[in-house]
Amino acid sequence: MSSNPSITVEVYPAARSSQIASARIRLETNVGLIVIDDCRLLRNKSGIVWFALPSFSLPTNGRAFEYHQTLEVPPDLLQRISAEALRAYGTWHDQQTNETQGASREQSNFSR
C-alpha cells in the first residue's frame, strides 16, 4: 500500500441512535481504492466528538457487550483518517445547521 494514501471522507446521518453521524472512508492507494463503510462519529460524556472504525459487539455476561474492531490500520494512518473524518464532520455539521436554520427562517417568513 502507498505510504501516503489519499483520504476522502463522506459523512451522512447516523445509522444508530448512539452515533452523531456515520462515515465512509475512501483510501486511494497504489494498489487501488480501499473503501471502509460503517465508520462512526461519536460524542463522549465530555462532549468531545471522536471517530471510530467499524466494530462489532459480542454479548458477554448478562447485558454487557465486548466490542471488537472489524479492521485494524497502522496508528499513523488511523490518526490521518480520524483527523480527516473530524474535519469532514465539522463541515457536514455546519451545512446541516445552516440548512436547518435556513428552513426555519423560510417557514417563519412564509407564515407572516
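The values are calculated or read from the model by the stated rules, or taken from the named source; none is laboratory data. Note that the coordinates shown come from a computational prediction; the quantities given were computed from them, not determined experimentally. So basically every Cβ, Gly included, is an ideal-geometry build from the backbone, and we count neighbours across all protein chains shown.
Taken over region 91-112, the residue count meeting the criterion of being charged (D, E, K, R), closer than 19 Å to Ala21 by Cα and either surrounded by fewer than 10 Cβ atoms within 10 Å (Cβ to Cβ) or modelled with pLDDT under 85 (or both) is 1. For region 60-78, what are the residues that are out of contact with any strand residue (DSSP E or B) (no Cβ under 8 Å at 6 or more places or on another chain), of a type outside the set (Asp, Glu) and either exposed (fewer than 10 other Cβ atoms within 10 Å of the Cβ) or more than 17 Å from Thr29 (Cα to Cα) (or both)? The answer is Asn61, Gly62, Arg63, Ala64, Pro75. Selection over region 54-74 of residues that are under 29 Å from Pro5 (Cα atoms), of a type outside the set (S, T, N, Q), at pLDDT 90 or above and out of contact with any Asp or Glu (no Cβ under 8 Å at 6 or more places or on another chain) gives a count of 6. Region 27-67 holds strands (runs of 3 or more DSSP E) entirely within its bounds, and those carrying 1 or more residues that are in contact with a helix residue (DSSP H, G or I) (Cβ under 6 Å, 6 or more places away or on another chain) and in contact (Cβ under 8 Å) with a residue 12 or more places away in the chain map to 32-43, 49-52. Can you confirm whether region 75-88 contains a residue that is part of a helix (DSSP H, G or I), touching a residue at least 60 places away in the same chain (Cβ under 8 Å) and among the β-branched types (Val, Ile, Thr)? There is at least one residue in region 75-88 that is part of a helix (DSSP H, G or I), touching a residue at least 60 places away in the same chain (Cβ under 8 Å) and among the β-branched types (Val, Ile, Thr).
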